[in-house]
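All of the numbers you see were taken from the coordinates with simple rules; none came from a lab. Quick caveat: nothing in here was measured; it's all calculated off a predicted structure. Note that each Cβ is placed from the backbone with ideal geometry, even for glycine, and that neighbours are counted across all protein chains shown.
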């Protein structure tokens, strides 16, 4: 189990000489859990999730999402697409949570779509996979998520579906858990169909035949199928089971693999230190919109507290993608669906006597522009309620 930073602060403040006992290395991932990630464009994350689930026919796992809204949306889509899935989040009553958890423990559900808070303390045996539908902002939460699988000496897999802006988070988590992530490409349709087909064949081989119950029916069945050769029976049985899946993946476009976000920079910057203030404007990741905000390093801003500052003013938690900090202003990215919400939330906002400027970034806006605005008057590590964020 992991101890949230807020709880750790309370223990240090109110307890007298508290002692912490850690078994093994703190936050180190379990040795029998494999960590992998798939990188896709933000708009393709759900399609990638479906392909990954289809690639593992016997998956029994938890899909972690960042917000209650996202959790319910993903669960609804999976159910609509024919998967045995359900959601677990704070908007459910205790009775509803118990009902969902009972279904999951009995394996009437193959996938549990959950928020971190709802799944805290969740104890279910034999979970094969944990899927992160995006990485958490608190990297220690990743340790808690991945710890749901690979229990009691069994192996497990922790999968992360990320977009290019989250590549840096992978490196940070690798340091925290002292393990390397394996990069994988999203499975192609023909490979998925092959995996599903051979899983079906394995089930046929292992099925327990109830001789007594079907004995009286077999003569009629044999007579009806007598005109078919053995190979024809097998072909028809496979087609009956897989025509829908095969048709779906034959019609589906393969998911485009994004180019490494910093591959050009690395190649261009070999042998010299790269200055991020040099060069031209940057474009937002597909499915994201890029914003300018007149808060920068001079205000004490860093990616974590700027993200907290944004969420102080925007109702509900929103996903914040790439953040580029400059001296006295910054750029940040959010999903395109949140553009109106951002513009509305920051319209006419003053922080003390300073007008806050938040606007869509022009693609022609250089990253090293000079912003001539008010001098910083606030420590942006402080929330609207006057509390330090860290």
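Could you rank the peptides 324-336, 197-209 by their average count of other C-beta atoms within 10 Å per residue, with the highest value first?
Final packing ranking: 324-336, 197-209.
With no solvent and one equal point scatterer placed on each C-alpha of region 90-133, evaluate the Debye formula and give log10 I(q)/I(0) for q = 0.34 Å⁻¹, two decimals.
Here the Debye-derived log intensity ratios amount to -1.54.
If neighbour count is taken as other Cβ atoms inside 10 Å, put 130, 233 in order from fewest to most.
In order of increasing Cβ crowding within 10 Å: 233, 130.
For 339, 100, what's the fewest-to-most ordering of other Cβ within 10 Å of each Cβ?
The order, fewest Cβ neighbours first, is 339, 100.
What is the distance in Å between the Cα centres of region 103-177 and region 187-244?
Cα centroid of region 103-177 versus Cα centroid of region 187-244: 35 Å apart.
Can you tell me the Rg and Dmax of region 199-265, counting just the alpha carbons, in angstroms?
Rg, Dmax (Cα atoms, Å): 21.4, 72.
Using Stokes-Einstein with the Kirkwood hydrodynamic radius over Cα pairs, what translational diffusion coefficient do you get for region 23-188 at 4 °C and a viscosity of 1.567 mPa s, in µm²/s rounded to a whole number?
Estimated via Stokes-Einstein, D reaches 81 µm²/s.
Rank the residues 113, 7, 74 as a footprinting-exposure proxy: fewest other Cβ atoms within 10 Å of their Cβ go first.
So the ranking, lowest neighbour count to highest, is 7, 74, 113.
Given a cut-off of 18 Å, what percent of all Cα-Cα pairs of region 279-334 lie beyond it?
For region 279-334, the share of Cα pairs beyond 18 Å comes to 29 percent.
Once the Cα gyration tensor of region 320-363 is found, what semi-axes does its equivalent ellipsoid get, as square roots of 5 times the eigenvalues, in whole Å, sorted largest first?
Over the Cα atoms of region 320-363, the semi-axes work out to 18, 15, 8 Å.
How big is the Kirkwood radius of region 122-247, worked out from every pair of different alpha carbons and given in Å to one decimal?
Evaluated over region 122-247, this radius sits at 19.1 Å.
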